Amino acid sequence: MTASLLQAPCLHRTVLANGLTVLVLENPVADIVSARLFIRAGSAFEAPHQAGIVSFLMGLLTKGTATLSSMAIAETVESVGASLGTDAAADYSVISLKTVSADFPEIFALAATLLRQPSFPLDEIDLERKLTLQQIRSMQEQPFTVAFNQLRKDMYGEHPYALPGIGTEATVADLTQGQLFDFHRQHLRPDAVVVTIVGRITPEAALAQVEQSLGDWPVAQAPSSVLELPVVTPVGTCSMVTQDTNQAIVMVGYPAAPVKHPTYAALKLLNTYLGNGLSSRLFVELREKRGLAYDVSAFYPTRLGLSQFVAYIGTAPENTATALEGLRFEVERLQTTALSEDELQAAKNKLLGQYALGKQTNAQIAQLLGWYEILGLGVEYDQEFQDMVAAVTVGDTEAAAQEFFHTPCISLLGPEKFVAPVAATQA
């Protein structure tokens, strides 16, 4: 595929009469068609007492309709060697499928039925609840996850991003079939859906398939709910979780720009510079030179609302204080120590190279196109993002660091004798 998806002559965008958006990109190289059905409903749309309902609901979409059991659905997909799955994120949810071209109409029609007409069988709800609760309890035994959940809670407070997408034991235990039907009725509607289809299929055939399966989906009568995310006022905190672990987890989190903010590209480059790979600044300085890290990196998720820039390190418990000091120093020094032109160019090359490699397959392209559309960025953002990255200057990265790399939230996890004294110094 070309560097920009928009340069491909076969990209077609159509909005159906019921408000559903369809994006089709013909790519005849392989006899494969990948599709995504994006829904503008993620964990950010949940009420606090229903945390986890989107993930729970998406997991149940493939477990039954009025006429199909979960076994019948699985057999239909597996009998032709196709794949079909669901996922839920903070700002959206998605049904994914991949088939050979000849089987696409059947599997897409099945996915459309699952989207529109789930039955949420009570026995499947009970099983999904049991599995979800087991997963939540298992996550409580993973030090990184525990430390990150604490950091997220401290950073976001009452914001929907504060809770893990999977929910909590209390909220998942209370989810009911009625709540699932209510949420489905409110949020899974044609004007909140984006369908992307990429592969060996003509735009005309793809659009005809979508029209056949989803074109008669009635327009929702109630206006779509407007997601109003609460304002988060950054407040520096330090929390600790005491566990008798062989290593301490140290995290620092800084409130960071949402995707539509002017500094988004600069922060993506700083994330690449600090925490992306074996040549990143954090890896070289804290692991290679100082021997402090078992694992060290940074991440900056793309969010519609306020995001977070997180740097973390796994270290020997006795090195907790030194690791925290090193982690904060490497991030916060960027407020006053600008990247060199060579460092900035290296970060650009790495980020844009990985970006290009991330859209080689039909599935990757279908994911990217739908993601941009469901976030309200439009398919033009594929080229816009690359242009924004290329245009970032050294001054832009320094300004982004000055705007965001202060007032961190700190999360510490490890043996009490090592993490408690460090936490006390941050109070």
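If you line up the Cα atoms of the range 326-427 on their principal axes, what length do they span on each, largest first, in Å?
The principal-axis extents, from largest down, are 51, 32, 23 Å.
In terms of the Cα gyration tensor, with a ≥ b ≥ c the square roots of its eigenvalues, is the range 257-343 rounded because a/c is under 1.5, prolate because a/b exceeds b/c, or oblate?
On the way: a/c = 2.14, a/b = 1.60, b/c = 1.34.
Because a/c hits 1.5 or more and a/b exceeds b/c, the range 257-343 counts as prolate.
P(r) of the range 5-214 in 5 Å steps, Cα pairs, percent per bin?
1, 7, 14, 17, 18, 14, 12, 9, 6, 2, 0
How far is helix 320-332 tilted off the main Cα axis of the chain, in degrees rounded to 10, range 0 to 90?
70
Label-point separation (nm) for Glu416 and Ala391, each offset 7 Å from Cα along Cα-to-Cβ?
5.5
Given labels modelled 7 Å from the Cα in the Cβ direction, how far is it in nm from Glu288 to Leu357?
Each label point is offset 7 Å from its Cα along the Cβ direction, giving 1.7 nm.
Please determine, in degrees from 0 to 90 and to the nearest 10, the orientation of helix 104-116 with respect to the longest principal axis defined by the Cα atoms of the chain, where the helix direction is its Cα long axis.
70
Show that you can apply the helix-only estimate: for the chain, add -39,500 (n - 2.57) for every DSSP H stretch of four or more residues, divide by all residues, and state [θ] at 222 nm to the nearest 500.
Counting only the DSSP helices, I get -13000 deg cm²/dmol.
Please give the net charge around Glu398, taking every other residue with its beta carbon less than 13 angstrom from that of Glu398, where Lys and Arg add +1 and Asp and Glu add -1. Let's see the in-between values first.
Details: positive: Arg333; negative: Glu332, Glu341, Glu343, Asp396, Glu403.
In short, -4.
Can you give me the three principal axis dimensions of the chain from its C-alpha atoms, in Å, biggest first?
Dimensions of the chain along the principal axes of its Cα atoms: 62, 48, 39 Å.
Bin by bin, in steps of 5 Å, what percent of the Cα pairs in the range 220-259 do you find, going until the bin that has the longest distance?
Spelled out per bin, shortest first, that is 5, 11, 16, 14, 12, 12, 9, 8, 6, 4, 2, 0.
Of all DSSP beta bridges in the range 5-214, what percent run antiparallel (nearest 5)?
80
Taking the 0 to 90 degree range and rounding to the nearest ten, how far is the long axis of helix 143-156 tilted relative to the main principal axis of the chain, both from C-alpha atoms?
90
Just Leu357, Leu61, Leu214 to compare: in a GNM of the chain, with alpha carbon springs under 10 Å, which one fluctuates most?
Leu357
How far, in nm, would the chain grow between Asp244 and Ser340 when pulled straight, counting 0.36 nm per residue and subtracting the alpha carbon separation?
30.4 nm
Full extension from Ala102 to Ala170: what is 0.36 nm times the residue separation minus their Cα-Cα distance, to one decimal in nm? Show your work: numbers first, answer last.
Details: separation 68, 0.36 × 68 = 24.48 nm, distance 4.52 nm.
Taking 0.36 nm per residue and subtracting the Cα distance, the gain is 20.0 nm.
How large is the charge dipole for the chain, taken about the Cα centre, if only the Cβ atoms of Lys, Arg (+1) and Asp, Glu (-1) carry charge, to the nearest 20 debye?
Values: 27 positive and 44 negative charges, 55 e Å.
Value, rounded to 20: 260 debye.
Which number gives the lysine pairs in the chain that have C-alpha atoms under 18 Å apart and are eight or more places apart or on different chains? Please report the intermediate quantities before stating the final value.
Values: Lys63/Lys130; Lys98/Lys359; Lys260/Lys268; Lys268/Lys348; Lys268/Lys350; Lys268/Lys359; Lys348/Lys359; Lys350/Lys359.
Lysine pairs meeting both conditions in the chain amount to 8.
Test of understanding: ordering Val231, Val241 by Cβ neighbours within 10 Å, fewest first, what list do you get?
The most exposed by this proxy come first: Val231, Val241.
Efficiency by 1/(1 + (r/R0)^6): what FRET value for Val231 and Leu133, r their Cβ-Cβ distance, R0 = 45 Å, to the nearest 0.05?
Working: r = 33 Å, r/R0 = 0.73.
Efficiency at R0 = 45 Å is approximately 0.85.
Considering the dipole of the chain built from charges on the beta carbon (Lys and Arg +1, Asp and Glu -1) around the Cα centre, which of Leu163, Ala88, Ser101 is farthest to its positive end?
Leu163
Can you list, largest first and rounded to whole Å, the semi-axes you get for the range 1-120 by taking the square root of 5 times each eigenvalue of its Cα gyration tensor?
That gives 26, 21, 12 Å for the three semi-axes.
Restricting the count to DSSP beta bridges whose residues both fall in the chain, what percent are antiparallel, rounded to a multiple of 5?
On the way: 47 of 59 bridges.
Once the DSSP bridges in the chain are tallied, antiparallel ones form about 80 percent.
Whole angstrom only: what separates the Cα centroid of the range 219-277 from the Cα centroid of the range 359-414?
12
For Phe144, Phe108, what ranking results if the residue with the fewest other Cβ atoms within 10 Å of its Cβ goes first?
Details: Phe144 15, Phe108 27.
Ranked by crowding around the Cβ, least crowded first: Phe144, Phe108.
Pick out, from Ala265, Leu304, Leu324, the residue whose Cα sits farthest towards the positive end of the charge dipole of the range 237-426, with +1 on the Cβ of Lys and Arg and -1 on the Cβ of Asp and Glu.
Result: Leu324.
May I ask for the net charge around Gly326, where only other residues with Cβ less than 12 Å from the Cβ of Gly326 are counted and Lys, Arg are +1 while Asp, Glu are -1?
+2
Once the Cα gyration tensor of the range 237-426 is found, what semi-axes does its equivalent ellipsoid get, as square roots of 5 times the eigenvalues, in whole Å, sorted largest first?
They are 31, 18, 16 Å, listed largest first.
Magnitude of the Cβ-charge dipole of the range 237-426, K/R +1 and D/E -1, about the Cα centre, nearest 20 debye?
Roughly 260 debye, rounded to the nearest 20.
Scan the chain and hand back the longest stretch that contains none of the trypsin sites (Lys or Arg not before Pro) lying in DSSP loops with at most 14 other Cβ atoms within 10 Å.
Here the longest run is 1-259.
For the chain, with a Gaussian network of springs between Cα atoms less than 10 Å apart, report the residue from Gly370, Gly353, Gly59 with the top mean-square fluctuation.
With Cα springs under 10 Å in the chain, the top fluctuation among Gly370, Gly353, Gly59 is at Gly353.
Quick check: from the Cα gyration tensor, does the range 195-324 come out rounded (a/c under 1.5), prolate or oblate?
Prolate, because a/c is 1.5 or more and a/b exceeds b/c.
Spelling out what I want: for every residue of the range 167-179, take phi, set θ = phi - 60°, compute 6.51 cos²θ - 1.76 cosθ + 1.60 (Karplus), and round to whole Hz; glycine and proline get x.
x, 10, 4, 5, 6, 5, 4, 9, 5, 10, 4, x, 5
Every number in this text was worked out from the coordinates using simple rules, so none of it is lab data. Everything quoted here is computed from the prediction, not taken from an experiment. For neighbour counting, all protein chains shown are included, and Cβ atoms are generated from backbone atoms with ideal geometry for every residue, glycine included.
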